[in-house]
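Have a look at the structure below before the remarks.
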Amino acid sequence: MSESVPPCVEQCPLARGRFLRAAALAALAGIAGNAAFAAEASAQAVGAISPEHTQGNTLTYELPPRDGAFIDDSNGLVIARVKNAVYALSLICPHRAVTTLDWNPDTREFHCPKHGADFQADGELIDGRPDRSMDRFAVRRSGARLTVDTGQLLQQDAAHDAWTRAVVTLA
């Protein structure tokens, strides 16, 4: 007695072979998608940093290898890399200069717990009590190094042009 093939097997839109191929491709896409999310998550680093060299008010750091906030607590500053730009920002809230700002890697923002202020990673004010963005330090690139002049604290409202130029653009 010969077994007959049900008529649907060759005509069904999702035959067994197609189903297995589709399932395998979906699994691979899921793995690749998770890897992309992991890369994005690790791209927003938060970590401690210290200068490689100090001479008076001039501090020299390695350029950050990826986006994120790299905090130098001993000097009260953060090196923030955002896409292809690097900033040296004061960790002190610009409202009353008494509170240290926190970095939130989930939102990619700085937050002042005392004044309820939020700032973008580049120091721009989002909302809150301060009337200006985070203060920046003058910076320049020296090869694979970032030189920060802590003697030049730039306030957005008092020295807007210099504050805007206080960035190192990476190629």
Subject >> Top-ranked residue in segment 118-137 [being in contact (Cβ under 8 Å) with a residue 40 or more places away in the chain and of a type in the set (A, V, I, L, M, F, W, C); ranked as surrounded by the fewest Cβ atoms within 10 Å (Cβ to Cβ)] >> reply: Phe137
Original post:
Restricted to segment 101-117, and to residues that are assigned to a strand (DSSP E or B) and in contact (Cβ under 8 Å) with a residue 12 or more places away in the chain, which residue is nearest to Gly47 (Cα to Cα)?
Top reply: Trp103
Original post:
Conditions: (1) within 12 Å of the chain's Cα centre (by Cα); (2) surrounded by fewer than 15 Cβ atoms within 10 Å (Cβ to Cβ); (3) on the phi > 0 side of the Ramachandran plot. Thr107 meets all but one. Number of the miss?
Top reply: (3)
Subject >> segment 138-162, residues that are surrounded by 14 or more Cβ atoms within 10 Å (Cβ to Cβ) and within 22 Å of Ser74 (Cβ to Cβ) >> reply: Ala138, Val139, Arg145, Leu146, Thr147, Val148, Asp149, Thr150, Gln152, Leu153, Leu154
Original post:
For segment 49-72, what are the residues that are small (Gly, Ala, Ser) and surrounded by 12 or more Cβ atoms within 10 Å (Cβ to Cβ)?
Top reply: Ser50, Gly68, Ala69
**OP:** Examine segment 86-93 for a residue that is outside any loop (DSSP other than H, G, I, E, B), at negative phi and modelled with pLDDT under 90, and state whether such a residue exists.
**Re:** yes
Original post:
Scanning for something within 11 Å of the chain's Cα centre (by Cα), assigned to a strand (DSSP E or B), of a type outside the set (Val, Ile, Thr) and crowded, with 22+ Cβ neighbours inside 10 Å, does segment 73-85 turn up at least one residue?
Top reply: yes
**OP:** Within segment 112-137, track down each residue that is within 14 Å of the chain's Cα centre (by Cα) and either polar (S, T, N, Q) or more than 18 Å from Asp67 (Cα to Cα) (or both).
**Re:** Gln120
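Within segment 148-155, identify whether any single residue is under 15 Å from Ile71 (Cα atoms), modelled with pLDDT of 90 or more, within 20 Å of the chain's Cα centre (by Cα) and among the β-branched types (Val, Ile, Thr), and answer yes or no.
Yes; the residues of segment 148-155 include at least one that is under 15 Å from Ile71 (Cα atoms), modelled with pLDDT of 90 or more, within 20 Å of the chain's Cα centre (by Cα) and among the β-branched types (Val, Ile, Thr).
The values are calculated or read from the model by the stated rules, or taken from the named source; none is laboratory data. Predicted model, so just to flag it, every value in this text is computed and none were measured. Note that we place each Cβ from the backbone using ideal geometry, even for glycine, and neighbour counts take in every protein chain shown.
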